[in-house]
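Structure first, commentary second.
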Amino acid sequence: MGRSGLELSRLGLGTLGFGRDTDVHEARELVIQYAEAGGNWLDTSDEYSGGESERILGQVLAQLPDAGRGLLVATKSGGCPGEPRRYNSSRTHLLSALDASLGRLGRDHIDLWQLQVRDPLTPIDESLAAADYAISSGRVRYVGVSNYSGWQLAESVTWQRAIPARTDVVANQVEYSLVQRGIEREVAPAAANFGVGIIAWSPLGRGVLTGKYRRGTPADSRGSSSRMPAFIDRYLAEEPRRIVDAVCTAADGLGIAPLEVALSWVRDRPGVTSAIVGPRTTAQLAAILQAEEIELPFEIRAVLDEISMPDSDYPEAGWSQPSASSQETV
């Protein structure tokens with residue numbers, strides 16, 4: 001993970017659906033299947049299903065003393081769904097949320113604790129001081145952030161490295177896929193500059209890169225549920241559909257599934273340590289794990305890069321010196 005000593009498998013098992021789409025028995029089967037395939041870390045949050053995701057994960061790990069002992073657990077704090085203050089990264093809230101997460105998970109420490117979203121009402125030094133205390137008290141092993149922009153990541157890392165005794169920020173968990181490459185403008189360059197690892201969430205473009213939405217919304221998909229349509233709709237527009245078509249064409253040519261193409265592309269991007277997958281069934285996880293055998297040919301990767309290239313302009317793309325005839329004082 002970046003320049004740290006933390007080692008994560010290239011795919012992480014996400015638990016967003018635990019407690020909502022997946023009960024404890026199905027969750028147990030997913031964790032066993034994932035661990036047996038060589039996966040070593042599980043991602044959750046105190047926001048997911050109002051904390052039920054953490055609670056179910058804790059139950060599953062308690063039932064798997066052998067397999068569970070080697071699995072790393074990552075969770076996130078700072079979100080306050082349903083409260084007037086949507087995000088709260090104050091010291092009081094973060095440390096209280098951490099203790100609550102530990103209780104639900106049935107653990108004495110979190111392997112990777114992430115500040116879920118930058119809280120505009122709390123100074124970053126206060127939030128990071130809470131992270132320092134979490135480390136020094138033994139409740140956390142590593143600290144990361146989530147959904148931080150390039151400048152927010154740079155600010156956090158620089159503040160922590162100003163004094164050697166502070167804990168380093170080792171990861172930024174951000175959305176990244178062929179239909180969402182926004183992090184390449186500033187987040188990925190900042191992460192590379194500071195040696196911070198990138199964890200990609202929703203590497204399948206919220207499910208659209210599997211190709212299942214090409215001819216409508218399947219009845220059993222998240223897009224058809226009462227909770228998730230807005231989460232999917234933005235990737236059903238014309239431009240994302242063009243990218244999905246290219247992924248499906250590449251998959252047909254290679255004789256593999258579209259999700260294998262899309263996941264392999266993200267997994268092997270510069271700076272990406274791990275990509276989080278969130279299957280609801282063991283059959284879906286089995287299909288996802290097939291991607292570990294795939295290495296995309298250079299020609300196909302180049303075509304996908306070109307088709308999905310995000311817009312980039314000043315200042316992300318740099319500044320070019322104007323011609324002598326049009327030079328002005330800047």
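Only the coordinates and a few stated rules stand behind these numbers; no lab work does. On a predicted model such as this, the values are computed, not experimentally measured, just so you know. Please note: Cβ atoms are built from the backbone with ideal geometry, for glycine as well, and neighbour counts cover all protein chains shown.
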Legend entry - For the chain, share of DSSP beta bridges that run antiparallel, in % to the nearest 5: 5 percent
Inset, instruction - Could you sort 88-100, 281-293 so that the peptide with the highest average Cβ count within 10 Å comes first and the rest follow in order? - result: 88-100, 281-293
Inset, instruction - Calculate, in nm to one decimal, what Ser136 and Thr281 gain on full extension: separation in residues at 0.36 nm each, minus their alpha carbon distance. - result: 48.4 nm
Legend entry - Under 10 Å, Cβ to Cβ, from Val196 - net charge with Lys/Arg +1 and Asp/Glu -1: 0
Inset, instruction - Choose one of Gly207, Thr15, Leu254: the residue whose Cα lies farthest towards the positive end of the charge dipole of the chain (beta-carbon charges +1 Lys, Arg; -1 Asp, Glu; about the Cα centre). - result: Thr15
Inset, instruction - Quick one: compute the contact order of segment 11-310, relative version, from alpha carbon pairs under 8 angstrom and 6+ residues apart, as a percent. - result: 16 percent
Inset, instruction - Note down, for segment 81-236, the three equivalent ellipsoid semi-axes (square root of 5 times each alpha carbon gyration tensor eigenvalue), biggest first, whole angstrom. - result: 31, 20, 14
Legend entry - Paired Rg and Dmax values of the chain, which use every Cα atom, in angstrom: 20.4, 74
Legend entry - For Leu72, residues with placed amide H under 5 Å, excluding near neighbours: Trp41, Leu42
Legend entry - Rel. contact order, % - alpha carbon contacts under 8 angstrom, at least six apart, segment 61-156: 29 percent
Legend entry - Of Leu112, Leu11, Leu64, the one that fluctuates the most in a GNM where the chain has Cα springs shorter than 10 Å: Leu64
Legend entry - Burial ranking of peptide ranges 300-309, 74-83 (average Cβ count within 10 Å, highest at the top): 74-83, 300-309
Legend entry - Burial ranking of peptide ranges 129-140, 172-183 (average Cβ count within 10 Å, highest at the top): 172-183, 129-140
Inset, instruction - Would you mind calculating the relative contact order of segment 14-60 from Cα pairs under 8 angstrom and at least 6 residues apart, reporting the percent as a whole number? - result: 58 percent
Legend entry - Stretchable slack from Ala302 to Ile32, in nm (0.36 nm times residue separation minus alpha-carbon distance): 93.6 nm
